[in-house]
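Everything below concerns the one structure shown next.
The values are calculated or read from the model by the stated rules, or taken from the named source; none is laboratory data. Nothing here was measured: the structure is a model prediction, and the numbers come from that model. Counting neighbours? That spans all protein chains shown, and the Cβs are built from the backbone with ideal geometry, glycine included.
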Amino acid sequence: MGEVVMHELPWSEEDADGARELPQAEREKLKGLDYRVRKTLAHYRDVLIDTDNCKFGQRHVVFLHKQDAPESLDRLRLEAGRFMLNLSKRCSDEIVVRRNVPDVHFRRTFRGGPRGRFRPHPFRDMQRMPGIVEAKFWFEIGDTWHDGSDFVPLFLYMSAQTCPRQSIMGRNNGGAWEVPGFAAYARSASFVDGVDAEVEGCVASEPKRWWCEREHARQGAQHPLNERVVNPSGPHADVIAEGGVVLDLKKCSTVPRLPLMHPWKACGVTHSSARALWAFLGNGSNAAIGALQSVRCCPELGQQIAAFVLEPDAFEFEADVMFGLALACM
């Protein structure tokens, strides 16, 4: 029968001294984040526990943080990530975060023998540890949003993969390293009522409100939950309950940069407003004489008109993303 061996990256006193001081509410939620990462690995562990494909009958899982040390999760965070939300595409761009993976020496128990340690190697049916793990974050607009509303329901999504080191002499056979479990939450001043977006996943991500009354009680957390999360209301109540947030576009910055000579070609504006502006200012060669011709020939005035007429289609907002993940040798 196979065995799943859990490993954590070291967390020294020097690491603790260099970490930023966390408020109680943040520490409690980061502990909840650690639990969700471990929870997503339950299915993975249950599947592998009955396998014996590894040479030593063991499968190894490596966490990039240490249990009961929220500061170790805090060091993984994406700070002040700037997301570009495109209303037409109904999603934001992706932000990629890369973190180094230190060398890990695995412990192993021989059958009837003493404990030993080894490093992942193709000769042990394991690829070398990846040097970098890459996480991607993006938002998607919920189905309850309608065009023209300044309040946009959003869901956070995440994916993660390893970036393996180059093998020596082209040899890197054996079990591959993957990211089978992860979880994250994002917070922003642009989110209504201070609600966080939450997600977790086992290979594929799924928005989920995991920091809820049940998890809060399981941990014995002292800082009260956000009342808007406990009792969501309004047209986007289901979005909040499912782990999403509501973005206030008025608290976001607009993206359009208006070209001086052809402002209707600006990026990040709606097609309808761009067409209307082109019809008004665009066809200068066939313009009639008079006031309209003067407007079309005056770029500065055209800029002022464009700023009034064009409707933004892309918005930028800033968010911090806290995440945790684990690597596993498949």
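Do we have any residue at all in segment 244-254 that's in a loop (DSSP other than H, G, I, E, B) and either modelled with pLDDT of 75 or more or in the same structural domain as residue 37 (by TED's automatic domain parsing) (or both)? Show your work before the answer.
We begin by selecting, within segment 244-254, every residue in a loop (DSSP other than H, G, I, E, B); these are 244, 252.
Applying the additional criterion that residues be either modelled with pLDDT of 75 or more or in the same structural domain as residue 37 (by TED's automatic domain parsing) (or both) yields 244, 252.
Yes; the residues of segment 244-254 include at least one that is in a loop (DSSP other than H, G, I, E, B) and either modelled with pLDDT of 75 or more or in the same structural domain as residue 37 (by TED's automatic domain parsing) (or both).
Looking only at residues of segment 118-149 that are within 30 Å of residue 271 (Cα to Cα) and surrounded by fewer than 16 Cβ atoms within 10 Å (Cβ to Cβ), we find that the one that is modelled with the highest pLDDT is 136.
Within segment 219-240, if we keep just the residues that are out of contact with any Ser or Thr (no Cβ under 8 Å at 6 or more places or on another chain) and either touching a residue at least 60 places away in the same chain (Cβ under 8 Å) or not assigned by TED's automatic domain parsing to the domain that holds residue 38 (or both), the residue that is farthest from residue 157 (Cα to Cα) turns out to be 222.
Yes or no, residue by residue, for (1) at pLDDT below 90; (2) crowded, with 20+ Cβ neighbours inside 10 Å; (3) hydrophobic (A, V, I, L, M, F, W, C); (4) out of contact with any strand residue (DSSP E or B) (no Cβ under 6 Å at 6 or more places or on another chain):
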position	(1), (2), (3), (4)
33	no, yes, yes, no
40	yes, yes, no, no
60	yes, yes, no, no
68	yes, no, no, yes
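Among the numbered conditions (1) closer than 30 Å to residue 130 by Cβ; (2) modelled with pLDDT of 95 or more; (3) polar (S, T, N, Q), the only one that residue 188 does not meet is (1).
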